[in-house]
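Chemist: Dropping a structure here in structure tokens format, bear with me for questions.
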Amino acid sequence: MFGHPSGLLGLFGGRLMARTNRGCAAWVAECLALAPQKRVLEIGFGPGEGIAAVLAAAPTAEIAGVDPSPVMLAMARRRNHAAVAAGRVSLVEGSAERLPFDDTSFEAAFAINSFQLWQDAPAGLREIRRVLRTGGRIALGFTPHSLQQREGLVESLTAAGFEDARLIDRDQNFGMLAIRP
């Protein structure tokens, strides 16, 4: 229902994710400190709450996203219809491990409650590093529902070639921030 949502359970899961991830998505968008003209990537966008949060934080940013679920792709496109129609949001079916974007395409990348579901997290982090520009920021956000453990996250980002990796907390949520050197 959450790892690769499909069918009616996927629709239900998407609605639940939208409600439970909304606050964390807004917080992560704030942590990215986005300038107006940034290009931003979301990995595992689910029902599109993170995209909506970035649009609210940086109304002129361009956003791309990948998610393995056709159900989530449809939900996210509906939720962000105006920005998709205006060409500011581009969403595709895909995975963190094989991002369909050119090297150094983005200034920021983020994921909300999806990192723990990636099939190959180290490969996904290396791919994100590849598509981020020098000085680009990565943020991973987690709600208590993610069941993600804090242990090993800093080491995972460092092993993928990121610098200044640090844990951050807000209310019941936690996350990781790092920089691509």
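Chemist: So for the stretch 139-181, averaging the separation of alpha carbon pairs under 8 Å that are six or more residues apart and normalising by length, what relative contact order in percent results? Mind dumping the intermediate values first?
Modeler: On the way: 58 pairs, mean separation 19.6, N = 43.
About 45 percent, as a whole number.
Chemist: Per-residue counts of other Cβ atoms within 10 Å, averaged by peptide: what ranking do you get for 120-131, 57-68, highest first? Could the numbers behind the result be given before it?
Modeler: Details: 120-131: 19.1, 57-68: 20.8.
For the peptides 120-131, 57-68, the packing ranking is 57-68, 120-131.
Chemist: Let me ask something additional. Take every Cα pair under 8 Å in the stretch 101-181 that's 6+ residues apart, average their separations, divide by the length, and report that relative contact order as a whole percent.
Modeler: Numbers: 141 pairs, mean separation 26.9, N = 81.
Once divided by the residue count of the stretch 101-181, the mean separation gives 33 percent.
Chemist: Using the 10 angstrom Cβ neighbour count as an exposure proxy, how do Arg77, Arg166 rank, fewest first?
Modeler: By the 10 Å Cβ count, ascending: Arg166, Arg77.
Chemist: Then there's this: Please report Thr104, Thr143 as a ranked list, fewest other C-beta atoms within 10 angstrom at the top and most at the bottom.
Modeler: Arranged by neighbour count, lowest to highest, Thr104, Thr143 become Thr104, Thr143.
Chemist: Follow-up. Quick check: residue separation of Asp102 and Asp171 times 0.36 nm, minus the Cα distance between them. What number comes out in nm?
Modeler: Computed gain between Asp102 and Asp171 is 21.2 nm.
Chemist: Sorted from fewest to most neighbouring beta carbons within 10 Å, what does the list Phe174, Phe142, Phe110, Phe45 look like?
Modeler: Ascending number of Cβ neighbours within 10 Å: Phe174, Phe142, Phe110, Phe45.
Chemist: How high is the relative contact order of the stretch 54-155, in percent, counting Cα pairs under 8 Å that sit 6 or more residues apart?
Modeler: Rounded, it is 25 percent for the stretch 54-155.
Chemist: Can you give me the P(r) profile for the chain? Cα pairs, bins 10 angstrom wide beginning at 0, each as a whole percent.
Modeler: The percentages, shortest bin first, are 11, 43, 39, 8, 0.
Chemist: Same structure, new question: Most mobile of Ser156, Ser114, Ser69 per a Gaussian network model of the chain (Cα springs, under 10 Å)?
Modeler: The residue with the greatest mean-square fluctuation here is Ser156.
Values in this text are rule-based calculations from the coordinates and carry no lab data. In this text, all values refer to a predicted model and were calculated from it rather than measured experimentally. When we count neighbours, we look across all protein chains shown, and the Cβ atoms used for this are built from the backbone with ideal geometry, even at glycine.
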